[in-house]
Amino acid sequence: MPSKPDPASSAPYVLGRALLPLRAFLGFTFCFAGLQKLANPRFFNAADPASIQSQLAGAAHRSPIHALISPLGHVVVPLGILIAFGELAVGVGTLLGLRARLAAAGGLALSLMLFLTVSFHSAPYYTGADIVFAFAWTPLLLAGSGPVLSLDAAIARRADEQAGHGPGASRREVVLSGTVTAAVAAVSLVAGGLAAGLGRLAGGTAGKQEGPGLPPTAGPPPAVTARPSHRATPGKVPPGTAVGPASVVPVGQAASFSDPATGDPSIVIRPSSGTFVAFDAVCYDPSAKVIICPCHGSQFNASTGAVEVGPAPTGLRRLGIAEGPNGQLYVT
């Protein structure tokens, strides 16, 4: 009678097959996220509410680890490049089953970082995707990629064959693994560089621009303590700090600027002639007349800033803004 297969010997293959859908989803998602950042010029444009600068500035005020984030404001662009290539490396390693546990550890770290800086205040907590991604990495961190469609497993088998299961197998595995890792890293760097170059030639890949940016005013902005809403008195310069000319904002459109009180990226909307509303870092969809969070898609009323579609638990902070007789917009 034919002998039955040993359940212990087939268990790794069963586990490897079970992990394939998770590897495919996480690997593709992180590759896409990294390449999208590199190919999108808006991600590195400080005047854009969807940029790494804007997201970091917002996290510096709202994150539970804001004390650790604030000093990173001096290295925002290198940090953004590091995150993009980190996501690409994690995605490639997961798809190929190469350095699988290390890739899973990197994916877990990136997901936790995003949870603590971007989606920590999502309510209920399960509406933020980052915490789900963090836990999704744990099976791959604990079990690796398994022997199915895995370069780690193929390298180990090749090393055993060359060394004849002798004492040199481990050393050969280290050499083979290092060589393959270097080759994959080189290809990934080239792919990332091509994505960045093509994205800039094409003008970016991510969504629509919320509007032009207000040109900066000369000199440093003075400190502002009160932030009431106000209307300009005809012929009188409004209180507050000038942030740019009203002519830059067409009726029904929006423009970005830096809040003079906090330095946060902000947006001014002109719903009608002579009427302006301003909020902190968001994107504006003029066709839908809603404000859209660039991070997790929450939607807000363009007139009041109130939440219309979650997961954001609270509305936007409204800024006082008025047009002066000199054509400048003043924010308090």
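The values are calculated or read from the model by the stated rules, or taken from the named source; none is laboratory data. The structure presented is a predicted model; accordingly, all values stated were derived computationally and were not measured. Cβ sites come from the backbone with ideal geometry, for glycine too, and all protein chains shown count toward neighbours. Areas reflect the complete protein model, heavy atoms only, side chains present, ligands, DNA and RNA absent. Shrake-Rupley method; radii C 1.70, N 1.55, O 1.52, S 1.80 Å.
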- Query: Out of curiosity, is Ala57 of a type in the set (A, V, I, L, M) and either surrounded by fewer than 21 Cβ atoms within 10 Å (Cβ to Cβ) or modelled with pLDDT under 80 (or both)?
  - Reply: yes
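So that you can scan it fast, the table gives a plain yes or no per residue for (1) buried (at least 23 other Cβ atoms within 10 Å of the Cβ); (2) farther than 22 Å from Ser298 by Cβ; (3) touching a residue at least 24 places away in the same chain (Cβ under 8 Å); (4) not hydrophobic (A, V, I, L, M, F, W, C):
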| residue | (1), (2), (3), (4) |
| --- | --- |
| Leu95 | no, yes, yes, no |
| Ala104 | yes, yes, yes, no |
| Ala109 | no, yes, no, no |
| Leu116 | no, no, yes, no |
| Ser119 | no, no, yes, yes |
| Thr127 | no, no, yes, yes |
| Phe135 | no, yes, no, no |
| Thr138 | no, yes, yes, yes |
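I'd like to check something: does the range 16-24 contain any residue that is open to solvent by 40 Å² or more (accessible area, probe 1.4 Å), over 13 Å from the mean Cα position of the chain (by Cα), small (Gly, Ala, Ser) and at pLDDT 90 or above? If you could, list the steps in order and put the result at the bottom.
Taking the range 16-24 as the starting set, the residues that turn out to be open to solvent by 40 Å² or more (accessible area, probe 1.4 Å) are 17-18, 20-22, 24.
Filter once more, keeping what is over 13 Å from the mean Cα position of the chain (by Cα): 17-18, 20-22, 24.
Going one step further and asking which of them are small (Gly, Ala, Ser), we end up with 18, 24.
Retained after the next criterion (residues that are at pLDDT 90 or above): 18, 24.
For the range 16-24, residues open to solvent by 40 Å² or more (accessible area, probe 1.4 Å), over 13 Å from the mean Cα position of the chain (by Cα), small (Gly, Ala, Ser) and at pLDDT 90 or above: present.
Out of curiosity, is Pro49 at pLDDT below 80, surrounded by fewer than 16 Cβ atoms within 10 Å (Cβ to Cβ) and not hydroxyl-bearing (Ser, Thr, Tyr)? Let's see the steps before the verdict.
On the way: at pLDDT below 80: yes; surrounded by fewer than 16 Cβ atoms within 10 Å (Cβ to Cβ): no; not hydroxyl-bearing (Ser, Thr, Tyr): yes.
It is false that Pro49 is at pLDDT below 80, surrounded by fewer than 16 Cβ atoms within 10 Å (Cβ to Cβ) and not hydroxyl-bearing (Ser, Thr, Tyr).
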